[in-house]
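**Q** Below you'll find the structure I mean.
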Amino acid sequence: MAERAPPEAAAPGLRVAFFSDASAGRNGTGTYYQDLLAALEGELAAMAIFQPEGPGAEADPSIPLPGDTTQRLGLPRPGRVRARLRQLQPHVVVAATPGPYGLYGARWARRLGSGLVSAYHTDFAQLSAMYWGWLGQRLVAAPARAVQGRLLRRSEAAVVMAPEFVPTVRAAGARQVEVVGTPLDPAFLEPPLAAPPRRIGRVCFVGRLAREKNLESLVQAASDWPALDFAVAGDGPLREELEAAAEQRPNLRLLGWLDRAGVRALLDDADLLVLPSHTETFGSIALEAMARGRPPLVAAAAGIHAWPQLAEGLFRQEAEEPLSAALGRLQALPPEALERTAGRARELACALHKDTVAAWLDLLHRYGRGGA
């Protein structure tokens, strides 16, 4: 659990508790709330996040996630949560995930008379088809969707990160739907930028090494473009397969899991980030690349394309377009076009970050109540 108490000047403001089943920085959802809390620093009277502990801390009880044993589902320790919540007395609880932590947060919101806002970060229907097959979908995905629907119906509002998910959460029973953007960690906003790219020589990928990321297309691109350097950062169930592929391709490097400073350094050293995912609720790493002045190449399935104000700062990999073909298309661009897109990427990412923080503050105040 992480706690943050802003300066005394903010004391009359709102108190917020976040509950997330994702550890800080370990996947897209964990990173989202890590960055959001950093962005809200000083804007609230008090806030705390309850989530599985990170490396080096006392571990919560946990079980492996079906289909991906590199991630675990943590179980909250009631005593640790109860004492801090009673001290915090939140006006609003944000249930970021429909797992044990998110459901526990919803329970305490009702007990304390706090407002409840839930978030929709994962499309279980798409992921279940990739990982679990017919039987797994019946035994795992269907109950997960049912629990998520129950959480949405109990909430005053549901938060989505792209407009395309509004019909989905409305159909699941959400009373009110709020569309918000994605925040950025100060580590991606404040340090000086490297010179903008004028050609594509170094390509990187950052994310979970899992089926939904369509990493086979990246391996094929490394084979098709031996003059390009491909760097892959992350961990996940496909790590061994990628290690074997890298042994056969001298231009493909696996870097393992990187902390935020390591990710920023990788982006600064690259000319292009690629995100060829089959499914991607938003694609936070693409926004981080934009903030560092690196235009990403993002699959059409990613939610980031639902934000038209970002279009001039990124490249789109079309639905049926192989990653190799998309890379060939970008390499044919004149240097000035790549440099111009990189410049716009930075401007547009910073603008979305500012709008996102304002949107979160607005909805937290609108749905905050109780705290008694």
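**Q** For the range 150-170, give me the residue count where each residue is more than 20 Å from ALA301 (Cβ to Cβ) and either assigned by TED's automatic domain parsing to the domain that holds ALA289 or out of contact with any strand residue (DSSP E or B) (no Cβ under 9 Å at 6 or more places or on another chain) (or both).
**A** Qualifying residue count, the range 150-170: 2.
**Q** Okay, moving on. Return the residue satisfying two criteria in turn: it lies in the range 210-233 and is modelled with pLDDT of 95 or more and in a loop (DSSP other than H, G, I, E, B), and of such residues it is nearest to LEU275 (Cα to Cα).
**A** ASN214
**Q** Please count how many residues of the range 326-372 are hydrophobic (A, V, I, L, M, F, W, C) and loosely packed, with under 14 Cβ neighbours inside 10 Å.
**A** 4
**Q** How many residues, within the range 15-40, are on the phi < 0 side of the Ramachandran plot, surrounded by fewer than 24 Cβ atoms within 10 Å (Cβ to Cβ), of a type in the set (Gly, Ala, Ser) and under 12 Å from the mean Cα position of the chain (by Cα)?
**A** Count: 4.
The values are calculated or read from the model by the stated rules, or taken from the named source; none is laboratory data. Please read all numbers here as calculations on a predicted model, not as lab measurements. All Cβ positions, glycine included, derive from the backbone under ideal geometry; neighbour counts span all protein chains shown.
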